[in-house]
Amino acid sequence: MLRTHYISELRPGLSGEVSIAGWVDRVKSVGRFRFVWVRDRSGIAQVTISKNQAELFEKASELKLHDFIMVKGIVLEKPVAKIGVEIEPREIRILSRAESPLPLEVSGHVESNLATRLDWRPIDLRNPRNMAILKIQATLVRGMQEYLDSNGFIQVFTPCLIGAGSEGGAELFEVDYFGEKAYLRQDPQLHRQLLMVAGLDRIYDLGPSWRAEPSHTPRHLCEYRACAVELSFIEDERDVMKVEEELVVAGIKRVVEECEKELKLLEVELDIPKTPFPILKFPEVYEILEDLGKKIPYGDDLDREAEKLLAGYVKENYDHDFFFVDYFPYRVKPFYVMKVDGTDWARSIDLIGKGLELSSGGQREHRYERIIEQIREKGLNLEDFKWFVEHFRYGAPPHGGFAIGIERLTMVILDLENIREATPFPRTPERLLP
């Protein structure tokens, strides 16, 4: 390997020779010295070259911004570098040359517009702030996975190619599957439920989903990742909410504990949310919104403005950034949700963070006859869902779950202005490359 250490692993006076590898962040000559700042994904180091090291001194003069290099040398015991550790080099090897000028500015706060940045995304991600977002996201997901693993959940991988939509909608990307129509999944929802029928009991799936929505808002993606969770033998949707809030807290707690440097770089003060999260329920939600100056017809769904108003209400009354909305109108929800007997409401929940919907979930209908009835009530073709429904004839436990968007959760905890910053290569109606 060309490197023995990441830069963050180096300490002043580390014994022996070390090798680092990364790109040239800056070059400066002062009197008898040349200074080369080398950056890798973990941090920055100053390479100090004396004029007495004639060959290396000359090679340093050839270096340009973002050349990829390897440096072998000694970590100084008493560095004078103000940023990072200081290395006295024994060898400098140029691995790859960078053309000049760069297609966009990547040092400090990015000034290029987002479209240009995304056109040159690999270069854009060399900016420490942009790289910090992805590091935090990885830590967030790891914290969530560790919570699930330690609480008896089994990781599974459900199909990305499906033969029919899970919700009967038109927001599907069609693909050719050996001459037949197939679709990219909207959500691994129905397959997760079938794993409950199988008796797996507690599962989670981390993977992509797609929605063919022509949405150009700063909070929508055509391809997104979700942590989808399903669990059996629940009493009702409150058991699902408890798992989801604990999952979110576990992920954020891990970020707070491990990403101090990245949060500081992004100028984000992140607190671990307190539990339990507040719960707002229909139909009382309509009354709250009316008091806030927004009237929504009885039985209608929430819109974006309503979610933001409720977020302000929760912040003022509960001092919380996260809350659940429960008991959604049954008529606006998919066929697989459980209806509250004798009412117009469903055991369906949304998690909202800082005014943005992060997930949908709740208790599913597990009784075969009820599922058939609800498919018909929704005006759907039973034949389209026979592949799913028939398995429930042979018994299924009470179950529920949710799917929380990874990019949206990242966006919320870091106060990002655009969800496209929360994924390396966003897919939107106007962007399929790089």
Accessible area of Thr116 in the full protein assembly, 1.4 Å probe (Å², nearest 10): 50
Extension reserve of the Asp119-Lys28 stretch, reckoned as 0.36 nm per residue once the Cα distance is removed: 29.8 nm
What is the mean projected area of the alpha carbon convex hull for the chain, to one decimal in square nanometres? 25.5
Pairs of lysines 8 or more apart, or on different chains, with alpha carbons under 29 Å: count those in the stretch 14-137, would you? 21
Given the peptides 118-131, 284-297, arrange them by the average over their residues of other C-beta atoms within 10 Å, most packed first. 118-131, 284-297
GluC sites (Glu not before Pro) within the stretch 18-93: DSSP coil, no more than 13 neighbouring Cβ in 10 Å: Glu62, Glu77
Which whole-Hz ³J(HN,Hα) couplings does the stretch 4-21 yield from phi under the Karplus relation 6.51 cos²θ - 1.76 cosθ + 1.60, θ = phi - 60°, glycine and proline marked x? 9, 9, 6, 4, 5, 7, 7, 10, x, x, 4, 6, x, 7, 10, 10, 10, 9
Could I have the simple spin-label model distance between Glu267 and Asp415, label points 7 Å from Cα toward Cβ, reported in nm to one decimal? 0.9
Heavy-atom accessible area per residue, the stretch 88-156, 1.4 Å probe: how many Å²? 50
Subtract the Cα-Cα distance of His391 and Leu433 from 0.36 nm times their separation in residues, and report this length gain in nm to one decimal. 11.1 nm
Based on the Cβ-Cβ distance of Met1 and Ile74, what FRET efficiency does E = 1/(1 + (r/R0)^6) give at R0 = 25 Å, to the nearest 0.05? 0.85
Which aspartates and glutamates have a Cα less than 13 Å from the Cα of Lys294, not counting those fewer than 8 places away in the same chain? Asp303, Glu305, Glu307
What FRET efficiency, computed as 1/(1 + (r/R0)^6) with R0 = 45 Å and r the Cβ-Cβ distance, is obtained for Glu146 and Ser50, rounded to the nearest 0.05? 0.40
Could you work out the local net charge near Leu433, counting Lys and Arg as +1, Asp and Glu as -1, over the other residues with Cβ closer than 11 Å to its Cβ? +1
Nothing charged except the Cβ atoms of Lys and Arg (+1) and of Asp and Glu (-1): what's the magnitude of the dipole of the stretch 110-158 about its Cα centre? Round to the nearest 20 debye. 140
Under a 1.4 angstrom probe, counting protein chains only, how are Arg3, Arg211, Arg225 ranked by accessible area, largest first? Arg225, Arg3, Arg211
So how far apart, in nm, are the two label points at Arg97 and Ile288 if each is 7 Å from Cα heading toward Cβ? 6.2
Helix-derived mean residue ellipticity, 222 nm - over the chain, DSSP H n ≥ 4, -39500 (n - 2.57), to 500: -8500 deg cm²/dmol
Evaluate the distance, in nm, between pseudo-label points positioned 7 Å from the Cα of Lys295 and of Lys308 along their respective Cα→Cβ axes. 2.2
Going by average Cβ neighbours within 10 Å, how do the peptides 243-253, 384-394 rank, with the highest at the top? 243-253, 384-394
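The values are calculated or read from the model by the stated rules, or taken from the named source; none is laboratory data. Owing to the predicted nature of the structure, the values given are computational and were not obtained by experimental measurement. Neighbour counts run over all protein chains shown; Cβ positions are idealised from the backbone, glycine included. Ligands, DNA and RNA are excluded from the accessible area calculation, which covers all protein heavy atoms including side chains. Shrake-Rupley method; radii C 1.70, N 1.55, O 1.52, S 1.80 Å.
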